[in-house]
Amino acid sequence: MDLSRGQKLLIIGGLLALLAGIVILSLGRLASQPAAVVYQGPTAKSAAPPPLIAVHVVGAVAKPGLYWLPPGSRAIEAVNMAGGMTAQASAKSVNLAALVEDGQQIVVGTIPPLDSGLPTQPPAPQPASASPPAPQPLPASAPTVQAVPAFPLSLNQATKEQLEAVPEIGPQLAQRILYYRYEHGGFRTVEELAKVPGIGDHRLGLLRQYVTP
């Protein structure tokens, strides 16, 4: 059966209306559906800082005691926390660059005393009943002569008494020279005397004729 032009248009319009209704119905269902909930897990907590380590600093420091430092610290940090070394401390007694461990004890030693030439032990006491020995006269052919060091005097081999015999060097200055020699491993030149406290340019010029490295 042939359809007229008007019937064809009417059928096409009905189909378009039906299609539009389906589209509108689908959009309405989508709008009515609840939004998808995205689950977020618990946020990761920031990593806790590593625990501190305990280090015991003793010896020739200003404030000996127990100190807490971060892991990976070095011995110099522990010594600085203890107030630093005293004037009597020996920098060679501890490795300041070493890594410290928990429970470690750092001992800062002192400068060893210089040999004064005195006996290490007092003489044994004589029994009360024993009579003191009679003094023996010195032979006439052996007069007492005070030893005088030969100049120029070696700064790296001289004793404290020999240094005191040098003009312009007294007991205190001789002690400083021996301390500098101990700390620096000896003198390489006479000019190094200028680094010893108490020796200026004028005194250094006077000492050049008396001493040698």
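Out of curiosity, is Leu3 at pLDDT 75 or above and not polar (S, T, N, Q)?
Working: at pLDDT 75 or above: no; not polar (S, T, N, Q): yes.
Judged against the criteria, Leu3 is not a match.
Among the candidates Ala78, Ala62, Ala48, which residue alone is in contact with a Leu (Cβ under 7 Å, 6 or more places away or on another chain) and on the phi < 0 side of the Ramachandran plot?
The unique qualifying residue is Ala78.
Give me the residue from the range 160-174 that is exposed (fewer than 14 other Cβ atoms within 10 Å of the Cβ) and either of a type in the set (S, T, N, Q) or modelled with pLDDT of 90 or more (or both) and, out of that set, nearest to Pro213 (Cα to Cα).
Only one residue tops the list, namely Glu161.
Can you pull out every residue in the range 6-49 that is of a type in the set (Lys, Arg) and modelled with pLDDT under 75? Before the answer, list the steps.
First, pick out the residues of the range 6-49 that are of a type in the set (Lys, Arg): 8, 29, 45.
Matches in the range 6-49: Arg29, Lys45.
Given the structure, is Gly83 surrounded by 10 or more Cβ atoms within 10 Å (Cβ to Cβ), at pLDDT 75 or above, of a type in the set (Gly, Ala, Ser) and assigned to a loop (DSSP other than H, G, I, E, B)? Outline the logic, then answer.
Working: surrounded by 10 or more Cβ atoms within 10 Å (Cβ to Cβ): yes; at pLDDT 75 or above: yes; of a type in the set (Gly, Ala, Ser): yes; assigned to a loop (DSSP other than H, G, I, E, B): yes.
Yes.
Only residues that are farther than 20 Å from Ile111 by Cβ and either assigned by TED's automatic domain parsing to the domain that holds Ser90 or not in a loop (DSSP other than H, G, I, E, B) (or both): list them for the range 162-208, please.
Gln162, Val190, Glu191, Ala194, Asp201, His202, Arg203, Leu204, Gly205, Leu206, Leu207
Got a sec? Which of Gln146, Gln126, Gln136 is surrounded by 10 or more Cβ atoms within 10 Å (Cβ to Cβ), over 39 Å from the mean Cα position of the chain (by Cα), more than 15 Å from Gln209 (Cβ to Cβ) and at pLDDT below 90?
Numbers: Gln146 fails: surrounded by 10 or more Cβ atoms within 10 Å (Cβ to Cβ); Gln136 fails: surrounded by 10 or more Cβ atoms within 10 Å (Cβ to Cβ).
Testing whether each residue is surrounded by 10 or more Cβ atoms within 10 Å (Cβ to Cβ), over 39 Å from the mean Cα position of the chain (by Cα), more than 15 Å from Gln209 (Cβ to Cβ) and at pLDDT below 90 leaves just Gln126.
The values are calculated or read from the model by the stated rules, or taken from the named source; none is laboratory data. None of these values were measured; they are calculated from a predicted model. Please note: Cβ atoms are built from the backbone with ideal geometry, for glycine as well, and neighbour counts cover all protein chains shown.
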